[in-house]
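Novice: Sharing a structure with you now.
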Amino acid sequence: MSMDKRVAIVTGAAQGIGAGIAKRLAFDGFLVIVWDLMEKACNDTVESIIKNGGNAIAIGANVADENEVKSAMEQIISKVGEPCVLVNNAGFARDLNMDLMDIKDWDDVINVHLRGSFLLVKECLPFMKKLGWGRIVNISSISAMGHADRANYCAAKAGMHGFIKSLAVELGPFGITANVVAPGLIVTAMTDATAKRKGISLEEHLAQAVKNIPVSRTGTPEDIAHSVSFFVSENSGFITGQVLYVAGMPVN
Ligand SMILES: NC(=O)c1ccc[n+]([C@@H]2O[C@H](COP(=O)([O-])OP(=O)(O)OC[C@H]3O[C@@H](n4cnc5c(N)ncnc54)[C@H](O)[C@@H]3O)[C@@H](O)[C@H]2O)c1
């Protein structure tokens, strides 16, 4: 199958890092499913891809909802065909210290990142296995190493690492790789939310953060998209179960 017939799903692709990944995979020749909570929110990403000569369609569904995921997958199959690349990027943070965090704060965050990834992988696997080729990339975070006031988010992201490493072992024999890209500070709507939570301006937050980043800048969605493109590429078939920190600093 030629690359331009291959279908790649990118979740959380209406904006931020996911939009960057969707645009990059379209540039690489994939037909991209721009997936987010609301179909309408995906319009800007889809239009930008099409304007630049790529192929994309929008899909609106909550990745943590089994029924919505199933119905979205049916639409994808009937409209454009079977996916062989899956990028689990959808996510959000609800940062609170342990005294304030309640069970809903825990479940909501865990569900988007882990339940969502599980549901999407379950749906895509039969097609990847049939093709004998597949690429799964999860977007985690340096927060997987631990961070105050975000135990739910850190647990979800660290959980992704175990999930992906297990998939790498299980799915290697089927020609399917599974890897993680773990970003550091990337300027998106999520960064605005962090600055607000800290009670400082975005500029102040970024200036403080850059002091601790050896390459002396914050990251961009394109930085992350570049790493995803690498894992997804045809020649990366011998790279699986890896966690690549894209953070402008050494992390281990
Ligand atoms: N921005 C950063 O500094 C940073 C750092 C490390 C990791 N990340 C991770 O990168 C990913 C993208 O983050 P971003 O910074 O672009 O954030 P963002 O808020 O700009 O984009 C996240 C997108 O995911 C979508 N989304 C959220 N819940 C969803 C659900 N249940 N179903 C479908 N879509 C859903 C949102 O609508 C939004 O469009 C997230 O997984 C985040 O945890 C971000």
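The values are calculated or read from the model by the stated rules, or taken from the named source; none is laboratory data. Computed from a predicted structure; not experimentally measured. We place every Cβ from the backbone using ideal geometry, glycine too, and count neighbours over all the protein chains shown.
Novice: So Ile17 ticks every box in (1) within 8 Å of the ligand (Cβ to nearest atom); (2) among the aliphatic types (A, V, I, L, M); (3) buried (at least 23 other Cβ atoms within 10 Å of the Cβ); (4) more than 15 Å from the chain's Cα centre (by Cα) but one. Which box is left unticked?
Specialist: Of (1) within 8 Å of the ligand (Cβ to nearest atom); (2) among the aliphatic types (A, V, I, L, M); (3) buried (at least 23 other Cβ atoms within 10 Å of the Cβ); (4) more than 15 Å from the chain's Cα centre (by Cα), only one is false for Ile17: (4).
Novice: Within the set of pairs 6+ apart or on separate chains, which have a first residue in region 80-105 that is under 12 Å from Asn152 (Cα atoms), a second that is at pLDDT below 95 and not β-branched (Val, Ile, Thr), and C-beta atoms under 8 Å apart?
Specialist: From region 80-105, the pairs are Phe92/Met190; Ala93/Met190; Ala93/Ala193; Asp95/Arg197.
Novice: In addition: Tell me, which residue of region 183-202 that is outside any loop (DSSP other than H, G, I, E, B) and polar (S, T, N, Q) is surrounded by the fewest Cβ atoms within 10 Å (Cβ to Cβ)?
Specialist: It comes out as Thr194.
Novice: Please state which one of Val80, Val112, Val69, Val46 is touching a strand residue (DSSP E or B) at 6+ places or on another chain (Cβ under 8 Å), at pLDDT 95 or above and within 14 Å of the ligand (Cβ to nearest atom).
Specialist: Testing whether each residue is touching a strand residue (DSSP E or B) at 6+ places or on another chain (Cβ under 8 Å), at pLDDT 95 or above and within 14 Å of the ligand (Cβ to nearest atom) leaves just Val46.
Novice: Let me ask something else. Could you go through region 146-169 and let me know if any residue there is more than 25 Å from Cys84 (Cα to Cα), of a type outside the set (Lys, Arg) and in contact (Cβ under 8 Å) with a residue 60 or more places away in the chain.
Specialist: yes
Novice: Any chance you could count how many residues in region 178-210 are small (Gly, Ala, Ser) and more than 9 Å from the ligand (Cβ to nearest atom)?
Specialist: Adding up the residues that qualify gives 6.
Novice: Quick one: would you say Asn62 is closer than 20 Å to Thr240 by Cβ and either polar (S, T, N, Q) or touching a His at 6+ places or on another chain (Cβ under 6 Å) (or both)?
Specialist: It is false that Asn62 is closer than 20 Å to Thr240 by Cβ and either polar (S, T, N, Q) or touching a His at 6+ places or on another chain (Cβ under 6 Å) (or both).
Novice: Quick check on my filter: what residues within region 138-177 are within 11 Å of the ligand (Cβ to nearest atom) and under 17 Å from the mean Cα position of the chain (by Cα)?
Specialist: Listed by number, the residues that qualify are Asn138, Ile139, Ser140, Ser141, Ile142, Ser143, Ala144, Tyr153, Cys154, Ala156, Lys157, Met160.
Novice: Just one of Asp4, Asp107 is acidic (Asp, Glu) and at pLDDT below 95; which is it?
Specialist: That would be Asp4, the only listed residue that is acidic (Asp, Glu) and at pLDDT below 95.
Novice: Which one of Asp99, Asp107 is part of a helix (DSSP H, G or I) and surrounded by fewer than 17 Cβ atoms within 10 Å (Cβ to Cβ)?
Specialist: Step by step, each of Asp99, Asp107 is checked, and only Asp107 is part of a helix (DSSP H, G or I) and surrounded by fewer than 17 Cβ atoms within 10 Å (Cβ to Cβ).
Novice: Considering Val180, Val228, Val215, Val169, which residue is outside any helix (DSSP H, G or I) and either charged (D, E, K, R) or closer than 30 Å to Val7 by Cα (or both)?
Specialist: Numbers: Val228 fails: outside any helix (DSSP H, G or I); Val215 fails: either charged (D, E, K, R) or closer than 30 Å to Val7 by Cα (or both); Val169 fails: outside any helix (DSSP H, G or I).
Being outside any helix (DSSP H, G or I) and either charged (D, E, K, R) or closer than 30 Å to Val7 by Cα (or both) holds for just one of Val180, Val228, Val215, Val169, which is Val180.
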